[in-house]
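J.: What follows is a single structure, and I will ask about it in a moment.
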Amino acid sequence: MSIAAYKRTISESETPRQIERRVLSQVTIRLEEKAESYDAAEASSDRIGILADGLREALTENLTIWHHLRYDLASPENALPASLRAQLISLSLWIERQTNAILGGGAGLRSLAAVNRSIVDGLAGRAPGPMG
């Protein structure tokens, strides 16, 4: 099956909300796998090693997803209430700042992953779990 046919099949069988949840869930799992060791690392060299071991790619992918979400949220065609759209856009800006801090060696990966997990839970219709 060609890539175009595969994408068409997915878009015909999943709603946009389901696609958002699936994509965000996949990257969130990758962030969660590294969160404990990354935030617990005290030496900059340890954090750089974790970033080089796949975390940088996961963070970049997460940022790309949030950029797409922000673009969609800013669209006049977006059907969400304006106040919710504004809150989610603000959240996407926090994600961007937090990601840049982590890429620079700062802590906070658990918080970033927890926010993602809350959004995934909301997209799945589940009440968010405890943050942290």
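J.: Counting other C-beta atoms within 10 Å, and keeping those with at most 16, which DSSP coil GluC sites (Glu not before Pro) do you find in region 12-119?
T.: GLU14, GLU42, GLU77
J.: Now for a separate question. Report the one residue of HIS68, GLY122, ALA79 whose Cα lies farthest in the direction of the positive end of the charge dipole of the chain (charges on C-beta: Lys and Arg +1, Asp and Glu -1; origin at the Cα centre).
T.: Of the candidates, ALA79 comes out farthest on the positive side.
J.: Residue by residue through region 25-35, what is 3J(HN,Hα) from phi via Karplus (6.51 cos²θ - 1.76 cosθ + 1.60, θ = phi - 60°)? Round to whole Hz and write x for glycine and proline.
T.: 5, 4, 6, 5, 4, 5, 5, 4, 4, 9, 4
J.: Under the rule of -39500 (n - 2.57) per DSSP H run of 4 or more residues, summed and divided by the residues of the chain, what mean residue ellipticity at 222 nm is obtained, to the nearest 500 deg cm²/dmol?
T.: Values: 6 runs with 99 residues, N = 132.
Theoretical 222 nm ellipticity from helices: -25000 deg cm²/dmol.
J.: So, one more: Multiply the residue gap between GLU14 and ALA74 by 0.36 nm, knock off their C-alpha separation, and tell me the result in nm, one decimal place. Before the final figure, lay out each step's value.
T.: Values: separation 60, 0.36 × 60 = 21.60 nm, distance 2.25 nm.
So the extension gain works out to 19.3 nm.
J.: Follow-up question, since we're still on this one. Return the loop-located chymotrypsin sites (Phe, Trp or Tyr not before Pro) in region 56-132 (DSSP other than H, G, I, E, B) with at most 16 other Cβ atoms within 10 Å of their own Cβ; answer none if there are none.
T.: none
J.: Another question about this same structure. Averaging over all projection directions, find the projected area of the Cα convex hull of region 17-123 and quote it in nm² with one decimal place.
T.: Approximately 6.1 nm², given one-decimal rounding.
No lab work stands behind these numbers, since they all come straight from the coordinates. Computed from a prediction, not measured in an experiment: that's the story for all the values here. Note: ideal-geometry Cβ built from the backbone for every residue, glycine included; neighbour counts use all protein chains shown.
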